[in-house]
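Engineer: Take this structure, written in structure tokens, and hold onto it; I'll ask about it next.
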Amino acid sequence: MTVEETFLKDCFIIKPSVFEDDRGYFMESFNSIQFEEKTGIKTTFVQDNESYSSYGVIRGLHAQGGIYAQAKLVRVLKGEVLDVVVDARKDSATYGEKFEIILSAKNKLQLFVPKGFLHGFAVLSETATFFYKCDEFYKKDSEFGVIYNDADLNIDWQIPLEKRIVSEKDKGLPLFSSLS
């Protein structure tokens, strides 16, 4: 696996080694020893989640706070998404900055999202199956978020306005400035 740090501290792009032949492919999607050696981060994932969505679905921007803050390792099993993270760590030099990456079944890239980051994605393909590992269990009371179309974040979700499918819950999230 190769690891590339983004300009957001502790946020990494993970490219697994993929072995392909006429039968298909094999890849090791996660190895804790290699991950720690290459990132300096020791993590234990305790929960796996999977979602299936159609073109135009935007999920996010979500996080958990306090002692239940979650780090995530995200990837796409089928289809293609625009994955977006925003640094919401108030003591960070990159507070309020965003990082975007295309994750797909084809490119097999993964993104490590550190604790304290908001996370969301938009489905760019007809459908997408999205998979993520979390280092903390889901805790509803610690969940928070920011509205996906916050003008200050200026995220281009790559989905035309009339084709966007957003939950009522996500449409009601506050602006990023409310976190300060």
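The values are calculated or read from the model by the stated rules, or taken from the named source; none is laboratory data. Computed from a prediction, not measured in an experiment: that's the story for all the values here. Every residue, glycine among them, receives a Cβ derived from its backbone with ideal geometry; neighbour counts consider all protein chains shown.
Engineer: Considering only segment 46-57, I want to know if a residue exists there that is assigned to a strand (DSSP E or B), of a type in the set (A, V, I, L, M, F, W, C) and surrounded by 13 or more Cβ atoms within 10 Å (Cβ to Cβ). Write out each step before concluding.
Structural biologist: Looking only at segment 46-57, we keep the residues that are assigned to a strand (DSSP E or B), and these are 47-54, 57.
Within this subset, residues satisfying the condition of being of a type in the set (A, V, I, L, M, F, W, C) are 57.
Next cut, surrounded by 13 or more Cβ atoms within 10 Å (Cβ to Cβ) only: 57.
Checked against the condition, which is being assigned to a strand (DSSP E or B), of a type in the set (A, V, I, L, M, F, W, C) and surrounded by 13 or more Cβ atoms within 10 Å (Cβ to Cβ), segment 46-57 yields at least one hit.
Engineer: Now for a different question. Read through the list (1) assigned to a strand (DSSP E or B); (2) touching a Pro at 6+ places or on another chain (Cβ under 8 Å); (3) of a type in the set (Gly, Ala, Ser), then give the number of the only condition that Ser29 fails.
Structural biologist: Among (1) assigned to a strand (DSSP E or B); (2) touching a Pro at 6+ places or on another chain (Cβ under 8 Å); (3) of a type in the set (Gly, Ala, Ser), Ser29 violates only (1).
Engineer: Here's something else I'd like to know. Regarding Glu20, is this residue surrounded by fewer than 16 Cβ atoms within 10 Å (Cβ to Cβ) and either under 26 Å from Leu161 (Cα atoms) or within 15 Å of the chain's Cα centre (by Cα) (or both)?
Structural biologist: Spelling it out, it is not the case that Glu20 is surrounded by fewer than 16 Cβ atoms within 10 Å (Cβ to Cβ) and either under 26 Å from Leu161 (Cα atoms) or within 15 Å of the chain's Cα centre (by Cα) (or both).
Engineer: Among the residues in segment 77-92, are any in contact with a Leu (Cβ under 9 Å, 6 or more places away or on another chain) and surrounded by fewer than 17 Cβ atoms within 10 Å (Cβ to Cβ)?
Structural biologist: Within segment 77-92, one or more residues are in contact with a Leu (Cβ under 9 Å, 6 or more places away or on another chain) and surrounded by fewer than 17 Cβ atoms within 10 Å (Cβ to Cβ).
Engineer: Going residue by residue through segment 12-31, is there one that turns out to be aromatic (Phe, Trp, Tyr) and in contact (Cβ under 8 Å) with a residue 12 or more places away in the chain?
Structural biologist: Within segment 12-31, one or more residues are aromatic (Phe, Trp, Tyr) and in contact (Cβ under 8 Å) with a residue 12 or more places away in the chain.
Engineer: Could you say which residue among Ile147, Ile159, Ile165 is touching a Lys or Arg at 6+ places or on another chain (Cβ under 9 Å), at pLDDT 95 or above and of a type in the set (A, V, I, L, M)? Quick ask: steps written out before the conclusion?
Structural biologist: Values: Ile159 fails: touching a Lys or Arg at 6+ places or on another chain (Cβ under 9 Å); Ile165 fails: touching a Lys or Arg at 6+ places or on another chain (Cβ under 9 Å).
Only one candidate passes the filter, namely Ile147.
Engineer: Sort out which residues of segment 41-86 are basic (Lys, Arg) and without any contact (Cβ under 8 Å) to a residue 40 or more places away in the chain, and write them in order of number. Can you show your working first?
Structural biologist: At the first step, the residues of segment 41-86 found to be basic (Lys, Arg) are 42, 59, 72, 75, 78.
The answer is Lys42, and nothing else.
Engineer: Just for segment 139-161: of the residues that are assigned to a loop (DSSP other than H, G, I, E, B) and within 15 Å of the chain's Cα centre (by Cα), which one is surrounded by the fewest Cβ atoms within 10 Å (Cβ to Cβ)?
Structural biologist: Ile155
Engineer: Then there is this: Please go through segment 118-138 and pick out each residue that is in contact with an Asp or Glu (Cβ under 6 Å, 6 or more places away or on another chain) and in a strand (DSSP E or B).
Structural biologist: Correct list: Phe121, Phe131, Lys133.
Engineer: For residues that are outside any loop (DSSP other than H, G, I, E, B) and touching a Leu at 6+ places or on another chain (Cβ under 9 Å), scanning just segment 162-178, find the one that is surrounded by the fewest Cβ atoms within 10 Å (Cβ to Cβ).
Structural biologist: Among residues in segment 162-178 that are outside any loop (DSSP other than H, G, I, E, B) and touching a Leu at 6+ places or on another chain (Cβ under 9 Å), the one surrounded by the fewest Cβ atoms within 10 Å (Cβ to Cβ) is Asp170.
Engineer: Cβ-Cβ below 9 Å, separation at least six or inter-chain, first residue in segment 106-128 and within 12 Å of Cys11 (Cβ to Cβ), second outside any strand (DSSP E or B) and of a type in the set (Phe, Trp, Tyr): which pairs?
Structural biologist: Once the first residue is within 12 Å of Cys11 (Cβ to Cβ) and sits in segment 106-128, its partners that are outside any strand (DSSP E or B) and of a type in the set (Phe, Trp, Tyr) give Gln110/Phe30; Phe112/Phe35; Leu118/Phe176.
Engineer: Moving on to the next point. Among the residues of segment 67-89, is there at least one that is of a type in the set (D, E, K, R), closer than 20 Å to Leu8 by Cβ, part of a loop (DSSP other than H, G, I, E, B) and at pLDDT 95 or above?
Structural biologist: yes
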